[in-house]
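The values are calculated or read from the model by the stated rules, or taken from the named source; none is laboratory data. In this text, all values refer to a predicted model and were calculated from it rather than measured experimentally. Neighbour counts run over all protein chains shown; Cβ positions are idealised from the backbone, glycine included.
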Amino acid sequence: MRTDRAGDLRAGDVDRAVALCGWVAGRRDHGGVVFLDLRDAGGVVQVVVDPDAATGLDAHTIRAEYVLRVEGTVRHRPEGSTNPDLATGAVEVAARTVELLNRAEPPPIPIGERVEADEVLRLRYRYLDLRSERLQRNLRLRARVNHALRASLDEQGFVEVETPMLIASTPEGARDFVVPSRRHPGSFYALPQSPQLLKQLLMVGGIDRYYQIARCLRDEDLRADRQFEFMQLDAEMSFADGDDVMAVIGDAVRAAVVAATGREAPPIGRLTWQEARDRFGTDKPDLRVLLEIVDVHEVLAATAFRAFQAEAVRGLCVPGGAELGRGRLDALIERAKGLGAAGLVWMRVRDGAELDSPVARHLTDDERLGIIDAFGAQPGDLLLLVAGALGTVASVLGALRVEVAHPVDPPDLALAWLVDFPLFEGLDDDGHPIAAHHPFTAPHPADRDLLEHATGADLLAVRSRSYDLVLNGWEMGSGSVRIHDPDLQARVLAVLGIDESRARERFGFLLDAFGYGAPPHAGFAVGIDRLVAILAGEDNIREVIAFPKTQSGTDPLTGAPSGIDARQLRDLGLSVIRRT
RNA sequence: GGUCCUGUGGUGCAGUUUGGAGUGCACGCCGCCCUGUCAAGGCGGAGGCCGCGGGUUCAAAUCCCGUCAGGACCGCCA
C-alpha cells in the first residue's frame, strides 16, 4: 500500500517514486497549487498538488485529518522555500495521484504540539490525541524503555514469568480491587497490588532469577504520579543480597535511560534514609537541587523565644532569596502550615549580619550571629526556619526545598539508591509497630538485638534491608532482602502483633512454602510509568499512558466505571445497596 | 474525608476584583478570491443555557449558597 513513511523522506530520496499513506495534518490552499502536510507514524512531509495535475481527487475539497494515499515523486524544494523546522523540510512530494481512503469530521481538539486542550476532552478523544507528536513520542519512548529493561534482565539470566491477575485478597497494604466469583457466590478474587508473594513462591520453586513487566492495581486515590493500574518491572533473585539486586536493577535502569535519551546514563549514588531525611527532608530527594537543610538546634538550644523551643529547629538558606516579596513569603508560610508546620519563620540577611525578620527582636545577638554562621548565609540570602517535631520539620522543609529552588532543566537526571530504611513506621493503636514495607522485609543485621529485645517505640529504630531507587525526586521503585528464616519471620510477625493463626490465615501458603527450603532471596520493583514520565520530560504519568483515567478514576472515553445489568448481578450473587 | 485552582460559541483565552445589552482576541468551521505556502493570505458569514441549581438585586458571566466536572496537593498509597 505504501513504499515509505512520510516522515522518513530526505534529500537522498529525491527523484524516487513513492507511495505514502497518512492523515492530513494541515493544508494550505492557494486556489491553484495546494500544499498538504501528510502525517504518519514517521512524521510529516509536504505534498504538493499542482493545479494542472490530474490526481483523481479535487485537492480543494481535502480537509484536516482526511486519510489519504498519495503517489508521487520526491523532489527538492525550490530555492528559498525549504523548511528547517521539519525533518523532511528539504524535500516535498509532487503528487501524481491522491486517493481518498477516508473522510474525517473536524477534530474537536487540536492535534498538534502547539496548543493545550482541556484534559477531559483529550481523554474523551484519546484516539485523536494519540496522533499528536507528544503522545507518539512518549509511547514510542515507553516501548524502547520496556524493551531495554527486558533485554537487560534477559542478558543477566532472568526468566520472564507471568503471574495471575486473579488472586486471593490479603488484607495488608493498599485497598484491593476485587472481582466477584460466579462459581463461588459471595467469594471474591483480588487483582494484584503487586506480584510480591507470587514471586517469592517462584524463588522457593527454583526459578532463581525472575522478572516480569507486571500490571499492578491499587484502589487508592489518584495523583499526578499514581493511577489505579500501573506497570512495574518486577524482579526477584535467589542466593542474592541487596547489593546484587541494586547492581542488576541499576544496570537495567541505566540501559533504559540510554535507550530513552541516547545519552550516557548517570551513575547511581547511594545514601542512607537517615542522611536523606537530615539533608533533604524526604526519602525521595530531588538531588538536582543542591540546597540542603541546616540544623540550627544547637545555636538555639538556650533560646528564650518559645517558638524555637522544640525538638527540632532546622532551616533552608535560599541564596539571593531576600528579594522575595511579602506575598511570596506569606504563600510559603501558608504552604508550610498546610504541610503540618506550626509556622514558618523567614529572615532576610542584610549587610552587617543584620536579620530582617518578624522574630528578630526575640533573638539575642549571639543567636542571630549563630544562625547566620550555621547557614553560611550571605547578605541578600533568605532563611526559612521551621521548629517542631523532627519528622514534621524535616518533611516541611523537604517540600519547601524543591519549591524555593530555581527550576532545573528537565534533561538532568539524578539517580540514587536510598538504603537502611526503618523497618517500621509508627505504632498502631495497640502499640505494635507498623511494617514500613511489608512483613517479609529482612531487618538490618546490625539491629537484630534491638529487634529481639526492644519494645514499643524503641523498635522504631530498627532498620531494614530495604532500598528505594529515586530519580529527580520521584520514588522510582523499592525492594528488599526478604526474610527466609522461619524463626526470624516468626519474631517479626510477633513484633507486628500478627499472631500465628492470623498469619496463617493471611499468608499461610507463603509460610508453608518457606518450610520446604526457601533460598535466601531479594528483589525489587521499578515503577515504569514514573520512569518513562521522567525520561519523557513529563510531570504527569497520564502523558505516558495510552488510556489513563482521571483523578476521580473515570475514563471519559469508555465511560468506565459503569453499571452492569441485573442479570450480571444475579449471576454473581450480588445486589447493589444505594447509599444515601 | 480535606485544602486550593479552573469551568465563557467547536478549541484556547480575556471579561468576574468595582453587577449595567453575550462585549472582545486568536484558532477552527462555512462561502468566495487567490500558483510556493508551511501558524499561508484577503473578503464575508455562521456559531453562546457564560458547567448546573438556588438566592440577593430594578438588573448577575460578575456577588452569596449549593452542586457537578477537571486539575494540583494533604490524608491514603504494606
Taking A:R348, is it free of Cβ contacts under 8 Å to residues at least 40 places away in the same chain, basic (K, R) and crowded, with 19+ Cβ neighbours inside 10 Å? yes
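Pick from A:R96, A:R28, A:R63: which is over 25 Å from A:R542 (Cα atoms) and either of a type in the set (S, T, Y) or surrounded by 14 or more Cβ atoms within 10 Å (Cβ to Cβ) (or both)?
Numbers: A:R28 fails: either of a type in the set (S, T, Y) or surrounded by 14 or more Cβ atoms within 10 Å (Cβ to Cβ) (or both); A:R63 fails: either of a type in the set (S, T, Y) or surrounded by 14 or more Cβ atoms within 10 Å (Cβ to Cβ) (or both).
Exactly one of A:R96, A:R28, A:R63 is over 25 Å from A:R542 (Cα atoms) and either of a type in the set (S, T, Y) or surrounded by 14 or more Cβ atoms within 10 Å (Cβ to Cβ) (or both), namely A:R96.
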State all residues of the stretch A:199-229 that are within 13 Å of RNA strand B (Cβ to nearest atom) and assigned to a loop (DSSP other than H, G, I, E, B); if no residue qualifies, say none. A:R218, A:D219, A:E220, A:D221, A:L222, A:A224, A:D225, A:Q227, A:F228
Please go through (1) among the acidic types (D, E); (2) touching a helix residue (DSSP H, G or I) at 6+ places or on another chain (Cβ under 9 Å); (3) within 13 Å of RNA strand B (Cβ to nearest atom) for A:D40 and return the number of the only condition it doesn't satisfy. (3)
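Taking the stated definitions as given, is A:R182 at pLDDT 95 or above and either assigned to a loop (DSSP other than H, G, I, E, B) or more than 20 Å from A:L233 (Cα to Cα) (or both)?
yes
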Report yes if A:A301 is among the small types (G, A, S), modelled with pLDDT of 95 or more and farther than 28 Å from A:E543 by Cα, otherwise no. no
Taking the conditions exactly as written (part of a helix (DSSP H, G or I), more than 15 Å from RNA strand B (Cβ to nearest atom) and closer than 26 Å to A:P195 by Cβ), does A:R504 satisfy them or not? yes
Of all residues in the stretch A:222-273, which are touching a residue at least 60 places away in the same chain (Cβ under 8 Å) and closer than 30 Å to A:P561 by Cβ? A:L222, A:R223, A:A224, A:D225, A:R226, A:Q227, A:F228, A:F230, A:M231, A:Q232, A:L233, A:D234
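Looking at the stretch A:515-538, which of its residues are outside any loop (DSSP other than H, G, I, E, B) and either acidic (D, E) or surrounded by fewer than 19 Cβ atoms within 10 Å (Cβ to Cβ) (or both)?
Let us first name the residues in the stretch A:515-538 that are outside any loop (DSSP other than H, G, I, E, B), namely A:521-536.
If the condition is that a residue be outside any loop (DSSP other than H, G, I, E, B) and either acidic (D, E) or surrounded by fewer than 19 Cβ atoms within 10 Å (Cβ to Cβ) (or both), then A:D529 is the only one that fits.
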Please work out which residue is nearest to RNA strand B (Cβ to nearest atom), limiting yourself to the stretch A:94-104 and to residues that are touching a Lys or Arg at 6+ places or on another chain (Cβ under 9 Å) and not hydroxyl-bearing (S, T, Y). A:A94
Any residue at all in the stretch A:105-126 that's at pLDDT 95 or above, more than 10 Å from RNA strand B (Cβ to nearest atom) and not in a helix (DSSP H, G or I)? no
Odd one out for A:T303 among (1) assigned to a loop (DSSP other than H, G, I, E, B); (2) over 23 Å from the mean Cα position of the chain (by Cα); (3) within 26 Å of A:V402 (Cβ to Cβ); (4) of a type in the set (V, I, T): (3)
I need a count of the residues in the stretch A:539-580 that are among the aliphatic types (A, V, I, L, M), in a helix (DSSP H, G or I), within 22 Å of A:L149 (Cα to Cα) and out of contact with any Phe, Trp or Tyr (no Cβ under 9 Å at 6 or more places or on another chain). 1
Need a quick list: strands (runs of 3 or more DSSP E) entirely within the stretch A:309-426 having at least 2 residues that are of a type in the set (A, V, I, L, M) and within 26 Å of A:T272 (Cα to Cα). A:312-318, A:382-388, A:415-419
What's the total number of residues in the stretch A:151-163 that are over 23 Å from A:L197 (Cβ atoms) and part of a helix (DSSP H, G or I)? 4
Of A:L460, A:L469, A:L427, A:L451, which residue is modelled with pLDDT under 95, within 27 Å of A:D286 (Cβ to Cβ), surrounded by 14 or more Cβ atoms within 10 Å (Cβ to Cβ) and not charged (D, E, K, R)? A:L460
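Can you report the number of residues in the stretch A:145-197 which are charged (D, E, K, R) and either within 16 Å of RNA strand B (Cβ to nearest atom) or surrounded by 17 or more Cβ atoms within 10 Å (Cβ to Cβ) (or both)? I'd like the intermediate steps shown before the answer.
Going residue by residue through the stretch A:145-197, those that are charged (D, E, K, R) are A:150, A:154-155, A:160, A:162, A:172, A:175-176, A:182-183.
Adding the requirement that they be either within 16 Å of RNA strand B (Cβ to nearest atom) or surrounded by 17 or more Cβ atoms within 10 Å (Cβ to Cβ) (or both) leaves A:150, A:172, A:175-176.
So the count comes out to 4.
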Of the listed residues (A:E334, A:E354), the one being closer than 16 Å to A:E403 by Cα, surrounded by fewer than 19 Cβ atoms within 10 Å (Cβ to Cβ) and among the charged types (D, E, K, R) is A:E334
I need the full set of residues from the stretch A:504-535 which are touching a Leu at 6+ places or on another chain (Cβ under 9 Å), in contact (Cβ under 8 Å) with a residue 24 or more places away in the chain and over 21 Å from A:S238 (Cα atoms), in order please. A:G527, A:I528, A:R530, A:L531, A:V532, A:I534, A:L535
